[in-house]
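K.L.:
First, the structure itself, so that you have it in front of you.
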Amino acid sequence: MPSAQTYLTLSPDCSLRLLEEPCIYDRARDELYELDTEAKHLIECLPLRSDSRQAQDTDKEFLRFCLEEGLLLHSPECRPRKRPRQSPLPSLRYLLLHITTRCNLRCAHCFLGDVESVDLTVNDIRRVMGEFDELQGLRLLVSGGEPLLHPEFWEINDLFERYSFRTVLLSNGTALADPGIVRRLRAHEVQLSLDGVGPSHDALRGAGSFQKTLEALENLADTDIDLSVATMVHAGNISDFEALEKIVRSAGVKEWNIDVPSPAGRWRGKGALMADMREVGSILNRSFGGGVHHDERSDWACGAHLCAVMADGSICKCGLYADSPCGTVSEGLEMGWRNVRRVRLNELRCDCELIDECRGGCRYRAEVAGDRFGKDPVMCAANGLLR
Ligand code: SF4
Ligand code: SF4
């Protein structure tokens, strides 16, 4: 009996991404694999009959690696894939999509401040997702407000797996204390906010919210959705980080992002709640994961590969720049991305040896301190450069 015909093809979670360098992106594992010219050519030719001359002549080591890593597989089906286009340069890899301003909490450090309820329409969300995919996007960060409070959230949830990018849902976790809601989620990753242990979390986010976040962590740990945590350092949680790290690690969290709130929205004028910056440096170093998203070769300061779409349909450098949009959803994501006001690393007035790692910190904080090209005082203090 002749054996059945198979085709060498990309695995369902993998796609060819034409960024600064051609890559295979595995959205399930959130990994990027850079390709040389020959490897790119092979991937562009997929699917290929497994017994074809080209498949047989392919560098055996490369092929074995891709099959072992699960990037390629032999499939009985021959499903042609759309050829990707080259990304803009710099590439737009991460998109913060604020689908609503609605929220059930009133966190003291919310950068949105007190705003009216606005929702991005499902049509606009679909349009932005399609354009982000075309532009070779990697991670869609679905945020709010609290994104689960969008009136059509479940319709939006159904879109999460349709494209080639990874979808990360950023939530305050309160709704995810309900296991029934967690089971319906289609996101590849959920990022929960955890700003302290018990009272120090609740002081910022409201009574009872810490307990709900713990329940959400437990519910998510029972699923195959990847879990990440974002924590803001403030005066009330500075001594909580050992306990926080235990919680985060025992929940199997893949990535822990620790940052300092920016002087925007409700946090403006809350200097008394800020942590002592001299203590912040060692705390920020507890962050882990996310290595694939640190592009050391980039020439740009913060946000080299990121922009934001706000709930009113405006496009901006990030949520902190909501007051100075660079485009709108109706004009198109690509135009908005091309209009982002960026700062090159060599334009910064930073004079320290940490520049490759710190990259001048946050441009918004530098601008609030008086100079768009200046130093980020938070990062300078955290790195022991300000006394
Ligand atoms: S920080 Fe997040 S959870 Fe808190 S009020 Fe703002 S949007 Fe809601
Ligand atoms: S620590 Fe300060 S001076 Fe050094 S790169 Fe960061 S912001 Fe610039």
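Only the coordinates and a few stated rules stand behind these numbers; no lab work does. Remember, it's a predicted structure, so these values are computed and weren't measured experimentally. Backbone-built Cβ (ideal geometry, glycine too); neighbour counts: all protein chains shown.
K.L.:
Could you sort 273-279, 336-342 so that the peptide with the highest average Cβ count within 10 Å comes first and the rest follow in order?
P.N.:
So the order, starting with the most tightly packed, is 336-342, 273-279.
K.L.:
Efficiency by 1/(1 + (r/R0)^6): what FRET value for Glu20 and Glu44, r their Cβ-Cβ distance, R0 = 22 Å, to the nearest 0.05?
P.N.:
Step by step, r from the Cβ atoms, then E = 0.80.
K.L.:
Check cross-link reach from Lys375 to the lysines: straight Cα distance under 24 Å, and skip same-chain residues fewer than eight apart.
P.N.:
Hits, sequence-local ones excluded: Lys270, Lys317.
K.L.:
Kindly provide the helix-only [θ] at 222 nm of the chain, computed as the sum of -39,500 (n - 2.57) over DSSP H runs of four or more divided by all residues, to the nearest 500 deg cm²/dmol? It would help to have the intermediate numbers written out before the result.
P.N.:
Values: 14 runs with 108 residues, N = 387.
-7500 deg cm²/dmol, from helical runs alone.
K.L.:
Please report the spacing between the Cα centers of the stretch 307-383 and the stretch 174-252 in Å, no decimals.
P.N.:
Value for the Cα centre distance between the two parts: 28 Å.
K.L.:
I'd like the distance between the alpha-carbon centres of the stretch 6-59 and the stretch 105-160, rounded to an integer number of Å.
P.N.:
31 Å
K.L.:
For Ile181 and Gln211, calculate 0.36 nm times their separation in residues minus their Cα-Cα distance, and state this gained length in nm to one decimal.
P.N.:
9.1 nm
K.L.:
Reachable aspartates and glutamates from Lys60, Cα under 19 Å, same-chain residues fewer than 8 places away excluded?
P.N.:
Glu34, Asp36, Glu38, Glu44, Asp51, Glu68, Glu69
K.L.:
If you don't mind, there's one more thing I want to ask. Where in the chain are the DSSP H helices whose alpha-carbon span along the long axis reaches 15 Å or more and whose Kyte-Doolittle mean is at least -1.0?
P.N.:
Span-like helices in the chain: 122-134, 209-221.
K.L.:
Convert each backbone phi in the stretch 146-152 into a coupling constant with the Karplus relation 6.51 cos²θ - 1.76 cosθ + 1.60 (shift: θ = phi - 60°), then list the ³J(HN,Hα) values in order as whole Hz, x for Gly and Pro.
P.N.:
Per residue, the Karplus-derived 3J(HN,Hα) values read 9, x, 5, 8, 4, x, 10 Hz.
K.L.:
I'd like to compare 235-247, 23-35, 185-197: which one has the highest average count of other Cβ atoms within 10 Å, and what's the full order after that? Before the final figure, lay out the partial values.
P.N.:
Working: 235-247: 16.2, 23-35: 18.8, 185-197: 22.6.
By packing density, highest mean first, the sequence is 185-197, 23-35, 235-247.
K.L.:
With the contact rule set at Cα under 8 Å and sequence spacing of 6 or more, what percent relative contact order holds for the stretch 345-387? It would help to have the intermediate numbers written out before the result.
P.N.:
Numbers: 43 pairs, mean separation 14.4, N = 43.
Once normalised by length, the contact order is 33 percent.
K.L.:
If you don't mind, there's one more thing I want to ask. Which part of the stretch 3-25 falls in the paramagnetic zone of Lys60, meaning amide N under 19 Å from the point 7 Å along Cα-to-beta-carbon?
P.N.:
Counting backbone N atoms under 19 Å from the label point, the list is 8.
K.L.:
Using unit Cβ charges (K, R positive; D, E negative) and no other charged atoms, how large, in debye to the nearest 20, is the dipole of the chain about its Cα centre?
P.N.:
The dipole magnitude comes to about 600 debye.
K.L.:
Between rounded, prolate and oblate, where does the chain land on the alpha carbon gyration tensor, with a ≥ b ≥ c its root eigenvalues, rounded for a/c under 1.5, else prolate if a/b exceeds b/c?
P.N.:
Details: a/c = 1.74, a/b = 1.51, b/c = 1.15.
Prolate, since a/c reaches 1.5 and a/b exceeds b/c.
K.L.:
Considering only the chain, what is the antiparallel percent among its DSSP beta bridges, to the nearest 5?
P.N.:
Looking only at bridges with both residues in the chain, the antiparallel portion is about 45 percent.
K.L.:
If the reach is capped at under 14 angstrom between alpha carbons, list the aspartates and glutamates near Lys254, excluding any in the same chain fewer than eight residues apart.
P.N.:
Asp30, Glu31, Glu189, Asp224, Asp226, Glu245
K.L.:
Here's a follow-up. Starting from the alpha-carbon convex hull of the stretch 277-387, give the projected area averaged over all orientations, in nm².
P.N.:
Mean orientational projected area (the stretch 277-387, Cα hull): 7.9 nm².
K.L.:
Let me ask something else about it. Scan around Leu72 for amide H atoms under 5 Å from its own, H built in the peptide plane at 1.01 Å from N, and keep only partners 5 or more places away or cross-chain.
P.N.:
Ser11, Leu67
K.L.:
Still on this structure, please answer the following. Whole-Hz ³J(HN,Hα) for each residue in the stretch 14-19, computed from phi via Karplus 6.51 cos²θ - 1.76 cosθ + 1.60 with θ = phi - 60°, x for glycine and proline: what do you get?
P.N.:
Rounded to whole hertz, the list is 10, 9, 7, 10, 9, 9.
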